[in-house]
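Chemist: Following this message is one structure expressed as structure tokens.
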Ligand code: HEM
């Protein structure tokens, strides 16, 4: 091969190399170079969208593992447990504005999810507490997982529900039936037999009895663990209805240490109320904990008054 | 420049020569012929400066000679300035003044050594640019990969080239070694060149493997986790295993420390070693010994053939232009391939709590994984133990032997190839020969090793010898957790048929697989997929009908697609069967979400 022929071939291939390079340039910089109509998208934008889409898929998967138990399958919330997060005001910034958050919506979500809310904002509305998820605060999730959840939650934006998850206590009554606080006959704690709900308890609950003895130490210990975790915030460590969260509640939580009150609350009705929640109050349904756990809590609760 | 004195200056003798010549130049400007003289002088001076510059840069060749070089003309000056370059220029020291003609035949080297060096330089250049965007930090590394792909112009392309180059480099270096072995070029006097070559092979594998971790996705994390887990068993385990695991991973598992170590190894330690050893290797090959001649010509009985083979082919310009041409062609091929038909994979973010179903080593280490699964040696040793009473199993059946000691021995053997070869010839008292017909044993061993390498690599793939429970395998086939990388480099990955159908191809509904046993001729793609799934499920039901343990009794499948969010669908594959063993739940469920944009091809 002559020198010039090799140089010619070299030049030809160098020029040919410009073809793929130009293709990439158009793909990646099409927008910047003004080669695209407004409704066209460039290769790079398509890639960004694909990665965003995959991130949302990851978020959906995490949501299905960690969040739906409190916030509902589609983020619609569970009355009395946790607020809806598939919510217009949360995703369009009204909620953030209302509480004086000056950052962006996604920063609000990221911080809320990562840090959780160790102190409940409204124990009267929601019995659960938003757990801490980010591993920088001791939670189980890496930052990229929190990011994925934020992308997933934000993807509700288009069809978000217009629900009032944080209605102020007074307004809630005025506004009529809110999802969490249907008006009902509020029981007067302390008065025996005051529970109108005990008059007609549903058939499956009638006559239900625990499988455990009321003085079984192990059961009492197990019950205490659950009680301290789930109930003490409102009902107080000793069942007097004076937990830290009780101040904000109306009606107030029952005083479980009150003998005469407890005598008006038969075991089956007690179990029914714990399972299904008390209508017209902040007491949520706890069915999800499972019968066995509920019996243990119930036995522990009844140990405050000694009424069996 | 400073010697003209036609116009004596006023204070002539006292003035410095420089000012005198400036003075006379100014004088010249006044007359026409003066200007002509001045023009000629400046042209000459300018040429002189340019020529000097070119001479300095080319280490000896003037402009006229460089021009002649690229036109293919004979050198202009005497003595031939093209040779001067090789004594004066720093970089030319690792290039030869000439090669012997026959050693440059394409079918002798296939340009593989050259291509090895070229891929290394491509990696170095693209790698340097990628370093600008990459963050070696465990919480941000993956995010920086996403940014490179989605936000950096030419970012994905650079990544693709870097990946193609890396796979190619391993492949080409290996093939280069095979070529050197087959042509017998490692023999005297090139024995130590072979040794530097084996060092380069190890560096190349190290470069590729350390780079594998950096994307910090599941693929990276688990491939490196199983690789480094072998280091843990280096004997004695309590000392060497512990120390090497600690040094590699920077802790018990790979985390921030491990990532940083691999990163620094990948961008500093190994590239520096590679540059040093490539320089030494190149020096030895092209300066010290020259490339070997084809054996048939070197050992030809005909002196004319031997003489002709040794005819000189000057580096300047023949070899230089040839190399430049090959660079242009190879770069075109790599760039075109990366641009149009290859994307470097990026799986989900690494997750230490989520082990993928089938983790594999990178393809070039599959043979080690294959040795750990080996189907022969162990059964034979077990036989020996059970029937003869010689218990070698306890020694052999350990990751230390199979994952560390055997591979180390193999590499030691590789280092020793030229010396063992020499010993063998001396032992039998015959002259060393590179001709194939005189190397029957050597070539047989070579081909047998190649065959074993491929065979054990196959054993290393998930195709061989591992299988999860049948329902899990069905889920993996259609909806793999991650897109599955084939065991052969540079082929596209397989994301499973469900993802390939994509958002649009998955209309919401609950599909009972039984009803889709046979598709109509013009069935929709989803229908065909359901039929295929039903086929797998029915196969398991059939197996169960014939055996008490295999298969899934009365297996039934359901495929559910739900609209989940805007542009997001939830896809569930559920398989139920009659449990026959305690602990068998009789149900399997695999859930995957598919977004409209997520574009898995
Ligand atoms: C980064 C890796 C390597 C580079 C850049 C490289 C480069 C080269 C080059 C440019 C040549 C000239 C001949 C040719 O192009 O084939 C060569 C020859 C040679 N290489 Fe390599 N090489 C590498 C790895 C290896 C390995 C892994 C081995 C063997 C274990 C090896 C052993 C040799 C030997 C013995 C020669 C002399 C061959 C002859 O004279 O025909 N090299 N190498």
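Chemist: Listing A:283, B:533, B:435 from the residue with the fewest other Cβ atoms within 10 Å to the one with the most, what is the order?
Modeler: B:435, A:283, B:533
Chemist: Ok, one more. Using the beta-carbon distance between residue A:164 and residue A:65 and R0 = 25 Å, what value does 1/(1 + (r/R0)^6) give for FRET efficiency, to the nearest 0.05?
Modeler: The value I calculate is 0.30.
Chemist: To continue, here is another question. What list do you get for A:95, B:159, B:306 if you sort them by fewest beta carbons within 10 Å?
Modeler: With the sparsest Cβ surroundings first, the list reads B:306, A:95, B:159.
Chemist: Here's a follow-up. Just to be sure I understand the model, the point goes 7 Å from the Cα along the line to the Cβ. What's the resulting residue B:532 to residue B:53 distance in nm?
Modeler: Label at residue B:532, label at residue B:53, 6.3 nm between them.
Chemist: Then there's this: Where the eigenvalues come from the Cα gyration tensor of segment B:392-479, what are the semi-axes √(5λ) of the equivalent ellipsoid, largest first, in whole Å?
Modeler: Values: eigenvalues 321, 64, 17 Å².
For segment B:392-479, the ellipsoid semi-axes come out as 40, 18, 9 Å.
Chemist: Shape verdict for segment A:1-59, please, from the Cα gyration tensor: rounded (a/c under 1.5), prolate (a/b greater than b/c) or oblate.
Modeler: Here segment A:1-59 falls in the oblate category.
Chemist: What value in Å³ per residue do you get for the convex hull of the alpha-carbon atoms in segment B:86-216?
Modeler: Values: hull volume 18.0 nm³, N = 131.
With only Cα atoms used, segment B:86-216 gives 138 Å³ per residue.
Chemist: Need one number: the % of Cα-Cα pairs in chain A sitting beyond the 36 Å mark.
Modeler: The proportion of pairs with Cα distances above 36 Å equals 38 percent.
Chemist: To the nearest µm²/s, what D does Stokes-Einstein give for segment A:43-174 at 25 °C and 0.890 mPa s, using the Kirkwood radius over alpha carbon pairs as Rh?
Modeler: Estimated via Stokes-Einstein, D reaches 159 µm²/s.
Chemist: Then there's this: Suppose we look only past 20 Å in the calculated P(r) of segment B:475-591. What percent of the Cα-Cα pairs does that tail hold?
Modeler: Of all Cα-Cα distances in segment B:475-591, 48 percent exceed 20 Å.
Chemist: Could I ask something else about it? Please work out the C-alpha center-to-center distance from segment B:482-508 to segment A:105-164 and express it in whole Å.
Modeler: 32
Chemist: Give me Rg over Rh for segment B:178-280, both radii from the alpha carbons and Rh done the Kirkwood way, two decimal places.
Modeler: 1.08
Chemist: Pairing the Cα long axis of helix B:112-133 with the longest principal axis of chain B, what angle in degrees results, from 0 to 90 and rounded to the nearest 10?
Modeler: Value to nearest ten degrees: 80.
Chemist: Find the all-direction average of the projected area of the Cα convex hull for segment B:522-601, expressing the result in square nanometres with one decimal place.
Modeler: 7.0
Chemist: Let me ask something else. Classify chain B as rounded, prolate or oblate from the Cα gyration tensor: take a ≥ b ≥ c as the square roots of its eigenvalues, call it rounded if a/c is under 1.5, otherwise prolate when a/b beats b/c and oblate if not.
Modeler: prolate
Chemist: Still on this model: Return the whole-Å distance between the Cα centroid of segment B:57-102 and the Cα centroid of segment B:295-362.
Modeler: 26
Chemist: Can I ask one more? As an exercise, use a Förster radius of 41 Å and the Cβ-Cβ distance of residue A:5 and residue B:133 to find the FRET efficiency, rounded to the nearest 0.05.
Modeler: On the way: r = 41 Å, r/R0 = 0.99.
The value I calculate is 0.50.
Chemist: Can you give the mean number of other chain Cβ atoms that lie within 10 Å of the Cβ atoms in peptide B:320-327?
Modeler: 5
Chemist: Which residues in segment B:541-567 have a backbone N closer than 18 Å to a point placed 7 Å from the Cα of residue B:591 along the Cα-to-Cβ line?
Modeler: Only B:558-567 pass the distance filter.
Chemist: Given that compact globular proteins tend to follow 2.2 N^0.38 Å, what is the ratio of the alpha-carbon Rg of segment A:194-303 to that value?
Modeler: 0.99
Chemist: Would you please give the FRET efficiency between residue A:111 and residue B:560, computed as 1/(1 + (r/R0)^6) with r the Cβ-Cβ distance and R0 = 35 Å, to the nearest 0.05?
Modeler: Plugging the Cβ-Cβ distance into 1/(1 + (r/R0)^6) gives 0.50.
Chemist: Another one. Note the angle between two axes, namely the Cα long axis of helix B:17-28 and the longest principal axis of the Cα atoms of chain B, as a number of degrees from 0 to 90, rounded to the nearest 10.
Modeler: So the inclination is approximately 80 degrees.
Chemist: Residue by residue through A:18-31, how many Cβ atoms from other chains fall within 10 Å of the Cβ on average?
Modeler: Per residue, the number of nearby Cβ atoms from other chains is 4 on average.
Chemist: Working from Cα positions, state the angle (0 to 90°, nearest 10) between the long axis of helix B:155-182 and the longest principal axis of chain B.
Modeler: The helix B:155-182 is inclined about 80 degrees to chain B.
Chemist: Return one quarter of the surface area of the convex hull spanned by the alpha-carbon atoms of segment B:268-311, equal to its mean projected area, in nm².
Modeler: Working: hull surface 14.7 nm².
Result: 3.7 nm².
Chemist: Please figure out what share of the DSSP beta bridges in the protein assembly as shown is antiparallel and state it in percent, rounded to the nearest 5.
Modeler: 95
Chemist: Hey, fewest Cβ within 10 Å first, where do B:596, B:82, B:284 land in order? Walk me through the intermediate numbers first.
Modeler: Numbers: B:596 16, B:82 24, B:284 20.
Lowest count first: B:596, B:284, B:82.
Chemist: Quick one, can you get me the convex hull of the C-alpha atoms of the protein assembly as shown expressed as volume per residue in Å³?
Modeler: Numbers: hull volume 300.3 nm³, N = 909.
Considering the Cα atoms of the protein assembly as shown, their hull volume per residue is 330 Å³.
Read-outs throughout are calculated quantities, based only on the coordinates presented, and are distinct from any laboratory measurement. Values in this document were obtained by computation on a predicted structure and should not be read as measured data. FYI the Cβ positions are ideal-geometry reconstructions off the backbone, even for glycines, and counts take in every protein chain you see.
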